[in-house]
Each structure stands twice: as structure tokens, then as C-alpha cells.
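Beneath this line is the structure, given in C-alpha cells, with notes to follow.
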Amino acid sequence: MRKKGKGHKRAGIFDVCLYLFFVLLALVTLYPFYYVLIMSVANAVSTARHVPYLLPYVVDWTGYQTIFEDAAFFRALLVSAFVTIVGVSINMFLSVMGAYVLSKKQLIGRNVFLSLILFTMLFSGGMIPSYLNVKNLGMINSVWSMILPGAISTYYLIIMKNYFLSIPESLEDAARIDGANSFIILIKVIIPVSMPFMATFCLFYAVERWNEWYNAMLYINEKRLQPLQIYLKDVLISMNNQLVSQAQAMLSKSQKVLSGTVQMACIMVTMLPILCVYPMVQKHFVKGVMVGGIKE
Amino acid sequence: MIVKNRSFFMEFQPVLPIGTGCGFSYNDINKPAGAILGYVITYKRKGETILERKKIPAKKWNGKAAKKIRNDWLLYAMLLPVLLWYLVFCYVPMAGITLAFRTYRFDLGMWHSPWVGMENFQKLLTDRLFLRAVKNTLILGAGGILLQMPCAIMVAILINELRGRWNKKIFQTVITFPHFISWVVLAGILTNLFGSTGLINQTLNFLGLSNVSPLTSPQGFRVFVWMSGIWKEVGWDSIIYIAAITSIEQGLYEAAEVDGANRFQKMWYITLPGIKSTIIIMLILAVGQLLNSGRFDQIFNLYSPLVYDTADTLDTYIFRETFTAGSLNFGYSTAIGLFKSVIGVFMITASNKIATLTGEQGLL
């Protein structure tokens, strides 16, 4: 009996408590999202009777239907998709290039550039000068105001730089002797060997872009340029929103729709891309955080 | 013999003019053997010239640094768009901070509005809403640090105690999930859950308990902000500590086991001290962000006029009064922003100093 090795200790009472604690924590974390899911397919008839806790009493797609019939929703979806795709491309292009150059220790002035970049993490112009700057650049009510002000995340840039520093220099030598210049080396040698790392940062940036609402709120007044998050915000805030009145109009139809149902359906749709991408991100995020560390 | 020749060759390579397109560019090869008073000295191996002095053309850059810069021109070209971005989107707004000493006039713009000296700052001191916002920002931020950091550290230590790699992975994945959801969405969910007819209150009613209204009561709102912050970020925050824990030497645990330490003692005397430096760095960062706290998204999406008394922070105050209500002059709002940034820099420097004084490795 005593031969049992280190890894095979009997699970004590502490282990059981620990396990239960984490099961509870996981439930507290996930249940609100599950609740949104079951509420998004509820209708007035069912919720009048009971609040569903675990299983939906009915599955009623009217909430989703209401959203999908709204032209503004598709416009918002299109804007969000554009901001995400173009935004991430620009993010990656600038951050990878900048991080690669700054990882070259022989570069004269490297420390100056690095301090200039790090300083922006410490001190910034703040809300108003940034707003006036974007205004002066003529980007109010343009999609670029949602893309360019966030084109580089200094934090990610530094993590990437530290990652590039960890790639052995010798990897580049062969290509250099073959006459490749730094840019070609970056594209043909460095990026291919760090594909998982790049993918992680693409996804990080993509999540950030998809969730972006602050710049949109600040710089976009026109309804047709609003991204999905702002659309959702409108749906959530104004109960007498056009969409909800539309939903009320549907009351005359067979089903009874709650404005709450429409809101929950809208939340589900907004979260969906992240739900899809998350399993891929989480595989790498620990590595991403660890490689960079927080120290310069 | 050849080897010897080669080493000599490497040392005394004739100067190659830059841009001859010689494919590879080891810095050593292109290095001039020496330069004295405007002359490049060239050594040649083959017979005739061992030493040659060539006058440097007056206008051409020379010397080590210039040569290196010319060698790396492509790297600089690649860095240029990045630096340009930092100039346009970080440093120009930083220069725009001069607006704190002006009164903004729409017809004159950011750079030509009239100067007013310290007037905006004098106004700050008597602005009750501003002082309220400072107080709220500090309370919400400090409470956040005091509650959220220990929770994250505790979760990290406990996750490390879980048995089985899969258990650790799965729980970590689950509790990190809310970090990736925007506050717009989360506020939608939370207001629905905690609303007067939401799930929480219906359950409480069912159990015969009285209603809770954290979103509309000034005192409850603070707790709600802290709690929802922990709920969203505890998994994400714990990652950095988990990473630190995995780098603790395993031998220490084994030694402690030999000495008869139980699991709590191991956690307290090995794990916790093992991640002390990480904790201190995170604390410095958190203190530096105290006034600048990233809680704008959270509070802006959750608060309502009912709870302004305890919920209105500097960022929400600037935003609401400048853009929505339009009651503040841009110059005045900029002054608030500058106040915030300066205090932030001061606090991060001070906490870093304190950390280094107590013998810890600081951040800066």
C-alpha cells in the first residue's frame, strides 16, 4: 500500500472541497450566459408562468427573427466585420513589423524608440485631445476612426518584441547569406516559424476589435456606420427603440415577444463570434501572456 | 595555411563601398579597418598595398554609427510607419494637452484657442462634481485592487493545487471566458439578472427574502462594481500568477514534504513567497492605474443617474459632461485629464520607488 508514488496520493477531503469550489466557480461564471441563451428563446407566454432556470419551457425563435428582419442589424454586422478584418490586418502589420525591428539589438537608437513607445503606456493625451486630434484629421463619421486610433496596442507590441528576441539569431543567417533582406526574412522565415504565436495575437486583436465600442461612441454619430456593439447598446438602452416597437408590432402575430427576449437574442448574436473563436484563443493565451511577461 | 589566410582576410577586409549590392552584410566585413582624422585606412592583403589612406569626402557620413544606420536602412524604413503612428495618435494628442491651459473655442480649434493660464485648474478645486468624481474613482479603484488582486492570487494558488492537468485547464478556460466579452454585453446581461424583475430578485422573492437593487442604490452599486469586476477578470488576472507559480522550483516542495509540511504550509511558505515579485509588479501597475482605472467601460455601461453619487468617476464625468451634456469646455475637461495623468505617473513612480526601497525588484 505504501508503494504508491507521488502522483497517486489518495484524494483527501481538501481535494474534494477544492474541486467543489471550482465547480461552483465555473457555474457562477457560466450560468449567466446560459441564462441569456434560454431567455433568448423564451416568449411572453412561457415567462409569465415560470422563470426558466435550467431548461427552456419553449423554444421560440421570434427574438432572433425580429433582429434578423432589421436592416440596421445587418448594417451594424457589416461595419463590425469590416472593422474587425481590416483592423486586425493593420494591427498585425504594424505590430509585427515594429516588434521585429525593435527586437534587433544592433539597431542604433533602439533604446530611444523603445522608451518613446513605452512612455505612451505611462502618459497619454487623454480623452479630449485624442478626440480633437481625430477630428482635426477629418475622421469623424468615418470607419477609419474606429480602426486607426487603435492600430497598435503597445502592450502587445512589447510582448511580440520579447518573443522575437527569444528566436535564435542563427535562424536568420542562412537566409541572409542567400541575399534576403530583413523584410523578406521577416515574412519568409520569422512569421512561418511563429505561426501559433501570430495566430494568438490575431485572435486577441480580433476579440478587441469585435468588442470595440468606445471609439465608435466617440467618433461615430451616423447610424449607418455604427458597429454591432453600439447597435446592441441601443437595443439595450432604449426600450422604445424602433426595433422594440417593431417587436411589439409582432405581438399581433401568433407569438408574443418580450422586449427582453429581443435583447437577449441580440446579446447572443453579438457574443457568437467570440464563443466560436474562444476555444482557439484559450489554447494559446497562457503562452502569449507568459512569453511576454510584463517586464521590458 | 588557408585557414590562417582566411582569418587574416576577415580581419583586414578591404573597405567595400556601401551599396555595392554584395548580398550578405555582416557588419564585421563592411567595417573599415580604421579611420583617423577624415581618412579611411584600408588594408589590402595581396602584395602591393598593405595600408592605404583615402580621404573621406567631406559630405559623406562615416564612422561606425553612420555606417550601421546605412546598413540597417530597411529596418528603419520598416519602423517608420510605426513611429509615425505613435507620433500622430499618441504624441500629437500629448501636445494637445496644452489645451488644459486654454479655453477651447470651436472657431479657433485645439492649437489656436486663447490661453487662460491656470484658470481651469483653479476652477477644478471648487467643482464639487469633480471632487466627487475623484473620491469615487479612488474608492472604486482601491476597493477593486484590494478585493480583486487577492482573489486572483487565491484562485491561482488553488488552481495549482487541483489534481490532474485537465482539471486545471478546463477550470482555467471556463473562468477566463468573461474576460473576452465586452462590457456592453455583460452590462446587458447583468442588468437583466439584477433588475427588479430579474432572475435574482425573482429567486429571492420565491425564497421569501427581500429584493436587492444594486444597480439603483448608491451603496449597493459600489459593491456591485467590485463584484462584477472580480467575476469578469479573476480568471484572466490569475493567469500571470499561475505562470509565476509554474516557474517555482519543484525541489522546494519536495524538501518541504520531507520536513513534514502540509499543503497549507506549502502554499503559505513556498508558493506565496515564490510569486511575491510578480505580485509586487502587478501591484505597482494597479496603483499606477488607480485614477486612470480601466473601469470606464464597466461603469459607463452599468450606471444611471440614480447612482451618480457613488458611481460617477473622472472618466465618466469628463465624457458625460463634455460630449453628452456639453456643459464643460474642452479646455476644462483636458485639465481634468491632465490632472489624472500626472497623478497616475506620480503614483506609479512612487509605488515603484517604495517597492525598490523594500528590497524588491521594481518595474521601471
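The values are calculated or read from the model by the stated rules, or taken from the named source; none is laboratory data. All figures in this text were calculated on a predicted structure; none of them were measured in a lab. Cβ coordinates were reconstructed from backbone atoms using ideal geometry, including for glycine residues, and neighbour counts include every protein chain displayed. What goes into the accessible areas is simple: the full protein's heavy atoms, side chains included, and nothing from ligands, DNA or RNA. Shrake-Rupley method; radii C 1.70, N 1.55, O 1.52, S 1.80 Å.
Things to note:
- Test: residue in region B:103-111 that is within 30 Å of residue A:91 (Cβ to Cβ) and more than 8 Å from chain A (Cβ to nearest Cβ): yes
- For residue B:174, the conditions (1) touching a Ser or Thr at 6+ places or on another chain (Cβ under 9 Å); (2) more than 7 Å from every other protein chain (Cβ to nearest Cβ); (3) of a type in the set (A, V, I, L, M) all hold with the exception of (2).
- Residue among A:174, A:180 that is modelled with pLDDT under 90 and assigned to a loop (DSSP other than H, G, I, E, B): A:180
- Qualifying residue in region B:248-257 (condition: under 30 Å from residue B:163 (Cα atoms), crowded, with 20+ Cβ neighbours inside 10 Å and among the charged types (D, E, K, R)): no
- Taking the criterion of being in a helix (DSSP H, G or I) and touching a Gly at 6+ places or on another chain (Cβ under 9 Å), the residues of region B:212-232 that qualify are B:222, B:223, B:225, B:226, B:229, B:230.
- When restricted to residues that are surrounded by 12 or more Cβ atoms within 10 Å (Cβ to Cβ), farther than 16 Å from residue B:333 by Cβ and of a type in the set (Phe, Trp, Tyr), region B:106-133 contains 1.
- Selection from region B:263-282 of residues that are under 12 Å from residue B:241 (Cβ atoms) and charged (D, E, K, R): B:276
- In region B:305-364, counting only helices (runs of 4 or more DSSP H) that sit wholly within it, the ones holding 2 or more residues that are more than 11 Å from chain A (Cβ to nearest Cβ) span B:308-311, B:330-357.
- Qualifying residue in region B:285-301 (condition: buried (at least 16 other Cβ atoms within 10 Å of the Cβ), in a loop (DSSP other than H, G, I, E, B) and among the hydrophobic types (A, V, I, L, M, F, W, C)): yes
- For residue A:227, the criteria (1) modelled with pLDDT under 90; (2) more than 9 Å from every other protein chain (Cβ to nearest Cβ); (3) touching a helix residue (DSSP H, G or I) at 6+ places or on another chain (Cβ under 9 Å) hold in every case but one, which is (1).
- Conditions (1) assigned to a helix (DSSP H, G or I); (2) surrounded by fewer than 17 Cβ atoms within 10 Å (Cβ to Cβ): number failed by residue A:63: (2)
- Test: residue in region A:124-145 that is modelled with pLDDT of 90 or more, β-branched (Val, Ile, Thr) and in a helix (DSSP H, G or I): yes
- Checked against (1) at pLDDT 85 or above; (2) more than 15 Å from residue B:152 (Cα to Cα), residue B:271 passes all but a single condition, namely (2).
- Only one of the numbered conditions (1) of a type outside the set (Gly, Ala, Ser); (2) surrounded by fewer than 15 Cβ atoms within 10 Å (Cβ to Cβ); (3) within 9 Å of chain B (Cβ to nearest Cβ) is violated by residue A:168, and that is (3).
- Condition met for residue A:94 (surrounded by fewer than 23 Cβ atoms within 10 Å (Cβ to Cβ), closer than 26 Å to residue A:198 by Cα and within 7 Å of chain B (Cβ to nearest Cβ)): yes
- Residue within region A:119-132 that is more than 12 Å from chain B (Cβ to nearest Cβ), under 28 Å from the mean Cα position of the chain (by Cα) and of a type outside the set (Gly, Ala, Ser) present: no
- A single member of A:269, A:207, A:235, A:277 is open to solvent by less than 60 Å² (accessible area, probe 1.4 Å), modelled with pLDDT of 60 or more and within 8 Å of chain B (Cβ to nearest Cβ), and it is A:207.
- Test: residue in region A:145-152 that is touching a residue at least 60 places away in the same chain (Cβ under 8 Å), facing chain B (nearest Cβ under 7 Å) and surrounded by fewer than 22 Cβ atoms within 10 Å (Cβ to Cβ): yes
- Filter result for residue A:116 (touching a helix residue (DSSP H, G or I) at 6+ places or on another chain (Cβ under 8 Å), part of a helix (DSSP H, G or I) and open to solvent by 60 Å² or more (accessible area, probe 1.4 Å)): yes
- When residues in region B:65-103 are screened for being in contact (Cβ under 8 Å) with a residue 24 or more places away in the chain and open to solvent by 20 Å² or more (accessible area, probe 1.4 Å), 6 of them pass.
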